[in-house]
Structure formats: C-alpha cells, structure tokens
Amino acid sequence: MNNNRSTLTSVLSRFDSLWRLAITILVLLGAWQAIVTVFAMPPFILPPPLLVFEKLISNYSLLFNHALITLSEIILGLFFGISLGLLFALQMLLFKPVRRWLLPVLVASQAIPVFALAPILMLWFGYGMTSKVVMAALIIFFPITTTCFDGLRHTPTGYLDLAHTMGANRWRQLWYIRFPAALPTLASGIRVAVVVAPIGAVVGEWVGSSGGLGYLMLQSNARMQIADMFAALIVLAMFSIGLYYLTDRLLKRFIPWHRESAGH
Amino acid sequence: MTSVQISRASLHYDHAPMPVFSDLELLLPAAQWTCLLGESGCGKTSLLRLLAGLIEPQHQMSGEISCSDGLPIENRIAYMAQQDLLLPWLTVLDNICLKAKLSQGKIEAHQYHRARELLVQLNLSGIEKSLPDQLSGGMRQRVALARTLMQDTPIVLMDEPFSALDAVNRYKLQALATEVLQDRTVLFITHDPQEALRLADHLYIFNDAQLIPLALPSSVPPRAINAELGAFQQTLLRKMHSHYE
C-alpha cells in the first residue's frame, strides 16, 4: 500500500516536472514570437520560431551530421580533459615537488584566455577534429584538476585516522578512502566540465573547421540564412542540455551519498 | 589480554608555546576500562592520539608505551571517535569489515560471516545492505561498535564515542559497550562526569597536564544511575569545578 502510494507520488512528481518544462518552453517560444511580431523583426535579424522549426525539419540530416561531429569533439574532449585532470590531481597529491611547482603554473595559466589559443591550436593541430578536441580538453582541464585535487586533499581527517589505525598502506588509503571521499567534489567539477566543453568545441569550429555545428552556424551567418543558424543553435543547446542531464543522472546513480553529504 | 603502561610521555606541538603534557605516567590495566575526564582542550584527546600513533612526526613527542605481553602496540588498537566515521559509500556490512579491506585488500567469506554474527549480537540484523545515511544516529554508532569489535584488537581507544547521541541511546550504548568490550583493555575519554562514573574501572581527571586519580562507587560497571552514583557525581563536579577555577 505504502509502496503503491510512493510510486504514485513519484509518477505525479515526474508529470509535475514535465508540465513545468512544457510550460517554460511554451512561454519562451511565446515571448520569442511576441518580440518578432511587436518589433516587426525581419527574418534575417530574428526569425520567428515557426520558421526555425521548419528549418529543423527540412535540414534534419545536415544538422544531424554536423551535430555528430560536434558531439564527438565534445565527448573526446571530455574524455581527455577528465583523464588528464585526474592524472595531474593524483600527481600533485602524491608528489610534493610536483604540487609545489605545478600548482602555481596551473593557476597562472588560467590568466591566458583559452579562446585566444584557438588560432594557435589550429596552426598546430590543423583544421580537423584534433584541434577542437584539444580546445575542449584544455578548457575543462583546470576545473577538473582543481576540484579533484581539492577533493583528494580534504578527506575528513577522521577517515584517515581510522584507516591509519587499521594499518592501511598509502595506496589502499588512496583507493579505498581518499578517492571515494573526493568523488562528490569531483562530480561538481565534471558537471562544470560538461557545460563548458561544448563552448570549447564550438569556438574551435568558429576559428577554422570543415564541419560541426559551429561551422554550420558560421556558414549560415555568412549567407544571411539566420533561421538555419538558429536551428543549429537549438540543436547544440539540446545536445548540451541532454549531455548535462545524462551526466547528472549518472553521477547521482553512482554517487548516491552525494546529496546527503552536500547537505551537511 | 594485555595491560598498557605509558611512561614519561611528553608531547609538544610544533609552533605551540607550551607542551600539552610532559612526563605523564598512566597504566591501563588489562581487560578494564580506564576513563579520562577533562574539559575540552585539556590534552586528553592528544594522549589518546599518541597511543593510537596518530600524532604527526613533525611534533615533538617522547616517552615509552609498553604492553604487558611484550608485543608492540602497533596494529593492536581499535579506535572509536565521537563521529561514527562510517564511510558513506560502503554498506553497513562492508563498513564493519573495513579493516580487512584496508589491511588485506579484500574481505574473506568467513569475515562477512563474523560481521553478520556481530550485527545479530548488537541487535542490528536486517541492515547489512543499507548505507550509513539510511540509519539513525544510535544505529550508526552501534555499527561503529560492531566495526570496532570486528577489528578484534586487545586494546580499544574511545574518544567520546557516545557524546553525539540522545540520552536514551547513550544510556543503552554505554551498557552494550561495556558488555561486548569486557575482555578488552579500554581507554575511554569523556567530558561527562556521569558517563565516566558509570563506565570506569579506573577514573582520572586530566587537569593542568596532570592525571589525578579519583574514587569510584564499589559496584561493577555499567553502574546504575542511583543515589550513590549521584553523590559521587556531586563530589566529582565540585572537584572539577575547583580544578577548572
């Protein structure tokens, strides 16, 4: 009985959030249409939502192919950025000299806007996918490294004391205590990374590329096909939101104690 | 069973103007509870950490810790703190078997079996697969007690393990702990005079870096909270008051 009720509640709350999402989207679309109508916007400045929707349908396969390129860049960028970030954070935790020399360099490197590096990356890695992957990886490297390092460094001392009295060596302490304790902090870093990685990929595509949603937007812009540009933008936004949602679900699934500990 | 003798123990934290204590002598008799009572910051936790080997090497420490059975104290202590220190990502069963995981890298079937027996003994059956966040404060501290028992060490160090619990749970856990830890040499730290009087076989006030022994009621721990204990508590409070002045 109780079970039935809780299932019902969860179904209702899911419907509730779907309703809210639908209403939000409708209100935004309404506002968009209102701006177009009230200010008599020409379609080459702000196309009406219906026109953009038509473009989404008619350009479906083109958008999909370019979206796949951008998505691959984002996912590869995330993979390399997160792996390198974890590796550097571990090195800094384990080896004091690495920490002393590397941390100031890492912090100072943030003074260089990563976008300014885009043309150099094109020069070094070419106009293909590599330069965009490097760009996305570079942009997320810092948040991942710092959050992971912070998480690893701030293990509650009580856990470490307990591990010490239980005779844990350094590696077991790292693997069984420090690393899992750092996961909630690292998860915040990964959430930031998932939001930021698409920026890196698209900026890379703007600077020079032969495919991807950024490339498509640039091409449409040059031809004054603003509705196409908006369609690409909407696909990009959908992919980014979808990726964030998926990551968030996965993190909650694998770090179930996160929400509880965040409340403390 | 082993008794533990602490001789000429001194501790001076790096950058601190004064030593926490110097030339301290303390005997923890075998299979008995020795309680240290003192206000916060008096150094009682530092003494416990010294015994547990938890003082970092940059601080100055000296003295000798010897066990009556001639074996070293390292790896023969279990530690129970004010927080239950249950790892939130491990199930109750894995938390109880934590020592096996940390010292051998894996948990054997017979260790799981023993952990399940302990859960039954501590009235906790049915929560093996639960995560610590799903349990109440009293249950969590009982799981921590099960983990301490699972370590199966002759010496148990307890640093105010029940102070975060409500009165009823604290009372129940005090009785349970004395029952299940009766053959261990226990050093118990508290700031609560009633708790100390209830549980101690030997009681000391830690004041001005000195240990002052105190008289106890003649009954056996865990003592009932009755008029005799109340009278002792009154005397003790008066004594503590004059020491803290």
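Just so it is clear, none of the values below were taken in a lab; they were calculated from the coordinates. It should be emphasised that the depicted structure is a prediction, and the values quoted were computed from it without experimental measurement. Heads up, the Cβs are rebuilt from the backbone with ideal geometry, glycines too, and the neighbour counts pull from every protein chain shown.
Against chain B, whose longest principal axis is taken from its Cα atoms, helix B:137-151 shows a tilt of about 90°. The residues neighbouring B:R184, those whose beta-carbon lies less than 13 Å from its own, together hold a net charge of -3 under the Lys/Arg +1, Asp/Glu -1 convention. Pairwise Cα distances in chain A exceed 25 Å for 59 percent of all pairs. Relative to the longest principal axis of the Cα atoms of chain A, the long axis of helix A:60-94 lies at roughly 20 degrees. Taking the C-alpha atoms only, the angle from helix A:2-38 to the longest principal axis of chain A is near 40 degrees.
Paramagnetic label reach from A:L68 (point 7 Å along Cα→Cβ; backbone nitrogen cut-off under 16 Å): within segment A:116-130, residues A:129. Here the ratio of the Cα radius of gyration of segment B:161-245 to 2.2 N^0.38 Å is 1.08.
In segment A:22-160, Cα pairs under 8 Å separated by at least six residues give a relative contact order of 30 percent. Both radii are taken from the alpha-carbon atoms of segment B:86-152; with Rh as the Kirkwood radius, Rg/Rh is 0.92.
Distances between placed amide hydrogens fall under 5 Å for B:C35 paired with B:F188, B:D201, B:H202, B:L203, B:Y204, all partners being 5 or more residues away or on another chain. FRET efficiency for B:D69 and B:Q134, Cβ-Cβ distance as r, R0 = 45 Å, nearest 0.05? E between B:D69 and B:Q134, to the nearest 0.05, is 0.65.
In peptide B:131-144, what is the residue-averaged number of other protein chain Cβ atoms found within 10 Å of each Cβ?
1
Both the radius of gyration and Dmax for chain B are 18.3, 56 Å, in that order, over alpha-carbon atoms. Taken over the Cα atoms of the protein assembly as shown, the convex hull encloses 233 Å³ per residue.
Among B:L131, B:L102, B:L181, the largest mean-square fluctuation in a Gaussian network model of chain B (Cα springs under 10 Å) belongs to B:L102.
Along segment B:65-79 the Karplus relation, 6.51 cos²θ - 1.76 cosθ + 1.60 evaluated at θ = phi - 60°, assigns HN-Hα couplings of 10, 10, 9, 5, 8, x, 8, x, 7, 4, 6, 10, 10, 10, 10 Hz to successive residues, with x for each Gly and Pro.
Legend: Rg and Dmax of segment A:170-234, from Cα coordinates, 19.6, 61 Å. Using the structure shown, list the pairs from B:K106/B:K129; B:K44/B:K239; B:K99/B:K129; B:K101/B:K129; B:K44/B:K101 with a Cα-Cα distance above 23 Å, or answer none. Checking Cα-Cα distances, B:K44/B:K101 exceed 23 Å.
May I ask you to derive the relative contact order of chain A, considering only C-alpha pairs under 8 Å and at least 6 residues apart, and to give it as an integer percent?
25
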